[in-house]
Amino acid sequence: MCGIVGYIGYRKAVDILTSGLKNLEYRGYDSSGVALYNQNKIDVYKAQGKLQNLVNILDEKRAEVENSTLGIGHIRWATHGAPTTINAHPHTCNCGSLVIVHNGIIENFKELKVELEKKGCTFHSQTDTETVAHLIAQEYAKTKDLTEAVRLATKKIEGAYALCIMHKDEPETLVVTKRNAPLLVGIGEGEYFVASDVPAIIEYTKKAMYLNDNQIATLTRNSLKLIDENNTEITPKIESLPWEPVALSKMGFKHFMLKEIHEQPDVIRNVLNGKLHTIDEPINLEEVKLDKETLKNLNRVQIIACGTSLHAAMVGKYLIEDFCSIPVEVEASSEYIYRKAITDEKTLVVGVSQSGETADTITAIRQAKEKGSHILIITNRPDSTMAREADSLIPVNAGIEVSVAATKSYIAQLMSFYLLAIYMAEVKGCITKEISTSLKKELIILPQKIEQVLNEKEQIKKIAKEYSSFKNFIYIARGVNLATAFEGALKLKEISYINATGYAAGELKHGPIAMLDETMPVLSILMKGKVYEKILSNAEESKARNAKLIALTDSKDAKIDELFDHVIRIPEVNEILSPIISVIPLQLLAYYIAEYLGKDVDQPRNLAKSVTVE
Ligand code: G6P
């Protein structure tokens, strides 16, 4: 949700800023901009649309921009104001001396704007950010000290922000600060880098300092000074980043999404590595820091998450309740934080997040922590805000996921829930050796089964082509695969913009069935087990209303071929483990429909991979 970068040093700032923004594109991509300090003045360059548009402008002006060694940059996901060039960052004060990039939302910007206008400030954009530029400029006029001006101005701001600021009259300085939005400073020799996230700077340095809320860092080429909001100096905590620079390559695939779908067998192997040694040994989950007595006495689990992670959470609920007989609540973080959530020290609160930076989930886990709950975080980013605040941390190790639509991180989250649920059941002594051994045996062979599904992708591609002209889809399932129906429908919506909705199959006749006719295909997830026959009946009911039917099944039953128009077969799998396999064809189906329709698969419109505003 917006990415910011900054550089002060001796290299060509334009190259560092644009390569940094490239690596932050997952945070937004509707406009971008840079400001460069150049021979006693600051030049601002902005472009609407993809980053490449800005890069093209900067290439044309290469001679003008390449000597600058100080600058800031931004890639935007619009919150206030349309994604136009005027609303793109950096924003400036009236005289253009001060420039600023911002990630977050200034909640009191309207009140501030009224006051600033009274003081003579002229606004050019519709953004909340521009108020901050004027506000700091007003303080600077009084203090003639950029750091102090930032300190005084941010006291008046309500909301979330990560800010990087420079001023024409302080040509050797970058000032950065944050509240409820991520920001780090990369440290080099005679240079500093500023970024919303590690990928923007890892190519240049592995040493960094994460800012805490309300801290302000003042960077010159050779110094870093850190203060808190009361102007007390703080010793910076320099960390070594646990990252290697990775060349983000599609490895011959047309899109990152397709590559990431194909990485899933290895992702499963990675998650199991070190945690599931042999089928006879208990699961080794030393990441869970709850002592065994407390774990045995838990009386409730709450899982909070957003988007795809919320669907992984739904499967997690099913597993923990099934294996451990502990009641589990699952809730969207954005709902959890605005109700009286009942939680206490006997409640385990699990936060699930690919990025570890989703604002709503961060707020939710902080609220639960205040009430004394143990916070367990399942995330793909062990260096994220959530990971830092966790009592227990399960890193899912899916590797960097570039495509905005989550695929391999979902599979890694699911696998983590299987391990967690079996681990908890083993500690509580409520799972038989026979059941746990047979589950472990099947978990180990899941990667091969997924490889079989991937080998059949041409069949899914054909079905995708045939269904690509439909405007609406319904996905139905029951039990442990209900979340799969939601996730499959979400994937289709996200990347093809087709209206797809997942329903509990039993709910179909309580309303949605009214929509069924030949224009509304129904995809049924039919895994052999407890709910198989029931879903088959629901599919029959849909057929009777002329809907086109697709089955996703591990059954070889000939009845299915008669009833359904198209059948996607996957290898046989224990019903409770089936969500790991059944989601794969749905990812592929969404991918091939979007690809056939010529959509921007990896960067779908209006979305961002990391949602750092509530
Ligand atoms: C955004 C992404 C989704 C993701 C959701 C939650 O909406 O586009 O793919 O599932 O945020 O993000 P998280 O990082 O917390 O899993």
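The values are calculated or read from the model by the stated rules, or taken from the named source; none is laboratory data. Not measured: the values here are computed from a predicted model. Positions of Cβ are backbone-derived with ideal geometry, glycine not excepted, and every protein chain shown enters the neighbour counts. When the accessible area is computed, the model is the full protein with side chains, heavy atoms only, and any ligands, DNA or RNA have been set aside. Shrake-Rupley method; radii C 1.70, N 1.55, O 1.52, S 1.80 Å.
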### Query
What translational D, rounded to a whole number of µm²/s, comes out for the stretch 393-509 from Stokes-Einstein when the hydrodynamic radius is the Kirkwood one over Cα pairs, at 10 °C and 1.306 mPa s?
94
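Pairs of Cα atoms under 8 Å, at least six residues apart: use those to get the relative contact order of the chain, whole percent. Display every interim value, and only then the final one.
On the way: 1348 pairs, mean separation 71.6, N = 614.
Rounded, it is 12 percent for the chain.
From the P(r) of the stretch 3-247, could you give the percentage of C-alpha pairs in the tail past 31 Å? Don't jump to the answer; show the numbers that get you there.
Numbers: 4097 of 29890 pairs.
Percentage above 31 Å: 14.
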### Query
Dividing the Cα convex hull volume of the stretch 43-106 by residue count, how many Å³ per residue is that?
99
### Summary
Output for the stretch 327-370: trypsin sites (Lys or Arg not before Pro) sitting in coil per DSSP, at most 11 other Cβ within 10 Å, listed by number, reads R339, K340
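Over 21 Å apart: what share of the alpha carbon pairs of the stretch 458-596 falls there, rounded to a whole percent?
Numbers: 3087 of 9591 pairs.
It works out to 32 percent of all Cα pairs.
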### Query
Near the amide H of V567, under 5 Å away, which other amide H atoms are found, from residues 5 or more places off or on another chain, if H is placed in the peptide plane?
A551
### Query
Say the cut-off is 24 Å between C-alpha atoms; which of K259/K441; K156/K225; K275/K346 go over it?
K259/K441; K275/K346
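Return the carbon/sulfur percentage of the accessible area of the stretch 244-364, one whole number, probe 1.4 Å, all protein chains in place.
Values: 2680 of 5260 Å².
Within the stretch 244-364, the accessible surface is 51 percent carbon and sulfur.
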### Query
Using θ = phi - 60° and the Karplus curve 6.51 cos²θ - 1.76 cosθ + 1.60, what whole-Hz ³J(HN,Hα) does each residue of the stretch 501-510 get, with Gly and Pro shown as x?
10, x, 10, 5, 3, x, 7, 3, 7, 9
### Task
For the stretch 388-486, state which trypsin sites (Lys or Arg not before Pro) are in a DSSP loop and have at most 11 other beta carbons lying within 10 Å of their beta carbon.
K471
### Column: log10 I(q)/I(0), Debye, Cα scatterers of the stretch 142-227, q = 0.20, 0.22 Å⁻¹
-0.91, -1.08
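Roughly how big is the chain's charge dipole about its Cα centre, with Cβ charges of +1 (Lys, Arg) and -1 (Asp, Glu), in debye to the nearest 20? Walk me through the intermediate numbers first.
On the way: 72 positive and 80 negative charges, 97 e Å.
Value, rounded to 20: 460 debye.
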### Query
Check A181: other-chain or 5+ apart residues with amide H under 5 Å from its amide H, H built from backbone geometry?
Y161
## Note on the structure
Using alpha carbon centers only, the stretch 146-186 is separated from the stretch 542-609 by a whole-angstrom value of 48
### Query
At what distance in nm do the modelled label points of N546 and Q459 sit from each other, each positioned 7 Å from its Cα along Cα→Cβ?
3.0
### Of the GluC sites (Glu not before Pro) in the stretch 319-351, those whose Cβ has at most 13 other Cβ within 10 Å and which sit in DSSP loop
E345
### Summary
With a 20 Å threshold on alpha-carbon distance, the violating pairs from K237/K609; K155/K340; K462/K509; K534/K559; K471/K599 are K237/K609; K155/K340; K462/K509
### Message
I'd like to compare 18-26, 376-384, 526-534: which one has the highest average count of other Cβ atoms within 10 Å, and what's the full order after that?
### Response
376-384, 18-26, 526-534
#### Entry: Karplus-derived 3J(HN,Hα), 6.51/-1.76/1.60, for each residue of the stretch 562-575, Hz, glycine and proline x
6, 6, 9, 6, 9, 10, 9, 9, 10, x, 4, 8, 3, 3
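Eigenvalues of the Cα gyration tensor times 5, then square-rooted: what semi-axes does that give for the chain, in whole angstrom, largest first?
Values: eigenvalues 418, 152, 94 Å².
In descending order, the three semi-axes are 46, 28, 22 Å.
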### Task
Could you check how much of the accessible area of the stretch 458-596 is carbon and sulfur, as a whole percent, using a 1.4 Å probe?
51
### Message
On the Cα set of the stretch 1-72, report Rg and Dmax in Å, please.
### Response
11.3, 34
### Task
Give me the accessible area per residue for the chain, probe 1.4 Å, as a whole number in Å².
38
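Kirkwood Rh, Cα Rg: Rg to Rh for the stretch 215-360? Present the calculation step by step, with values, prior to reporting the outcome.
Values: Rg = 21.0 Å, Rh = 19.8 Å.
In the stretch 215-360, Rg relative to Rh is 1.06.
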### Task
Give the share of C-alpha pairs in each 5 angstrom bin for the stretch 256-448, from 0 to the last occupied bin, in whole percents, shortest bins first.
1, 8, 17, 22, 21, 16, 9, 4, 1
### Query
Expressed as a whole number of Å, what is the distance separating the alpha-carbon centroids of the stretch 257-290 and the stretch 355-404?
18
#### Entry: the chain - share of DSSP beta bridges that are antiparallel (%, nearest 5)
60
## Note on the structure
Karplus ³J(HN,Hα) for the stretch 10-18 (6.51 cos²θ - 1.76 cosθ + 1.60, θ = phi - 60°; Hz, whole; x = Gly/Pro) runs 10, 8, 6, 4, 4, 6, 5, 5, 6
